[in-house]
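Reading through the structure tokens given below for one structure.
The values are calculated or read from the model by the stated rules, or taken from the named source; none is laboratory data. No experiment lies behind these values; they were computed from the predicted model shown. Here Cβ is always computed from backbone atoms with ideal geometry, including for glycine, and neighbour counts include all displayed protein chains.
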Amino acid sequence: MRSLLKKIRISFSNEGMSATVIKGIKIIYIKLPKIIRDYSTYIFCKLLGERLVFSLVFSVFKFKCKYNLFLGKERCLWLGKHLSLHVLKTIYMNPNEIKYQSKGGIVPYIQSGDWDLKKKPFKLHDTIKEIYEDNIPLKETAQYKRMKAAVEDKDWGNAYWCRSQNELDNHFKILTDALSDIKNGKYLSQNELSQDIQNKKKELYYPNEILVSIDRDGNYLHEKGGSHRLSMAKICNLSRIPVVVIRKHYEYVKNKECFQQ
């Protein structure tokens, strides 16, 4: 308790009352259970609408950046699960523009730092290469064998949550059907498909599309999701595929006209 009071006094003397109060609210909010934070966001979105909540969050972030308020070293804007699912837009682009990859897991919508400098060249998914370049039958691919072994060992995570041979075969049927459509130039977004994954939307953090980020120079990096689809689109030289941008570098956003006050 004494150490807490000491920190408050130091913060008050160095940063003033308003900064101390805001910092305290932020610390309390972060320490709240995740379910409460998610539910509070859900309530705000229901009352005001997702787009309005996003506009307010983004406006506050721009204001903080303009006056350098309470940003610290990390200039980040987190959206959270609910906003990420509902406000991130699907855009269309040439898959050949995605030349790099950056695997960051759950990431801020805007983030400073050197994360984009750690990008690596995008590599075609091993399974796609095996099937379409090496002509290996689907059930002989390393991924199928690995998932089959995981199902037998009841290692559901590594089996992509397939719990039986039937579910495993259905998983690969959906995959091969999608790849066949892509090969025939019929690439559809997940919203245009009526797959079971759409019924599990509440379990996701991001929309079920190819997820990309934008580095400080405006390059697109593959983040996660849709590795098979992106690899197939590249092999088939498609000119246009749907993607969702989940992260942008702060330096890129700062230089965009929409970010200027």
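What the table below lists for this structure:
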read-out	value
Candidates Gly105, Gly72 - the one that is loosely packed, with under 14 Cβ neighbours inside 10 Å, modelled with pLDDT under 90, in the same structural domain as Leu211 (by TED's automatic domain parsing) and under 30 Å from Gly218 (Cβ atoms)	Gly105
Complete set of residues in segment 230-252 that are free of Cβ contacts under 8 Å to residues at least 60 places away in the same chain and touching a strand residue (DSSP E or B) at 6+ places or on another chain (Cβ under 6 Å)	Tyr252
Among (1) free of Cβ contacts under 8 Å to residues at least 40 places away in the same chain; (2) not assigned by TED's automatic domain parsing to the domain that holds Arg240, the one test that Lys118 misses	(2)
Leu117, sole failed condition from (1) surrounded by 12 or more Cβ atoms within 10 Å (Cβ to Cβ); (2) at pLDDT 90 or above; (3) under 22 Å from the mean Cα position of the chain (by Cα); (4) outside any loop (DSSP other than H, G, I, E, B)	(1)
Pairs with Cβ under 7 Å, 6+ apart, first in segment 150-163 and assigned by TED's automatic domain parsing to the domain that holds Ile174 and surrounded by 15 or more Cβ atoms within 10 Å (Cβ to Cβ), second in a loop (DSSP other than H, G, I, E, B) and of a type in the set (A, V, I, L, M)	Ala150/Ala159; Val151/Ala159
The lone exception for Ile128 - which of (1) under 26 Å from the mean Cα position of the chain (by Cα); (2) farther than 18 Å from Asn237 by Cα it fails	(2)
Residues being polar (S, T, N, Q) and in a strand (DSSP E or B) - total across segment 207-238	1
Single condition Leu88 does not satisfy, out of (1) touching a residue at least 12 places away in the same chain (Cβ under 8 Å); (2) more than 15 Å from Leu221 (Cβ to Cβ); (3) surrounded by fewer than 16 Cβ atoms within 10 Å (Cβ to Cβ)	(3)
Search result, residues across segment 164-185 that are without any contact (Cβ under 8 Å) to a residue 12 or more places away in the chain, under 14 Å from Ile235 (Cα atoms) and surrounded by 11 or more Cβ atoms within 10 Å (Cβ to Cβ)	Ser180, Asp181
Of all residues in segment 131-168 being hydroxyl-bearing (Ser, Thr, Tyr) and more than 20 Å from Lys183 (Cα to Cα), the one that is farthest from the chain's Cα centre (by Cα)	Ser164
Members of segment 129-148 that are part of a helix (DSSP H, G or I) and closer than 20 Å to Cys162 by Cα	Leu138, Lys139, Glu140, Ala142, Gln143, Tyr144, Lys145, Arg146, Met147, Lys148
Enumeration of residues in segment 116-153 that are in contact with a Lys or Arg (Cβ under 8 Å, 6 or more places away or on another chain) and under 30 Å from Cys65 (Cβ atoms)	Asp116
Pair list, Cβ under 8 Å, 6 or more apart: segment 128-148 residue in the same structural domain as Ser180 (by TED's automatic domain parsing) and farther than 16 Å from Ala159 by Cβ, other residue among the polar types (S, T, N, Q) and not in a helix (DSSP H, G or I)	Glu130/Thr141; Ile131/Thr141
Candidates Ser194, Ser231, Ser227, Ser239 - the one that is surrounded by fewer than 17 Cβ atoms within 10 Å (Cβ to Cβ), over 28 Å from Ser55 (Cβ atoms) and modelled with pLDDT of 85 or more	Ser239
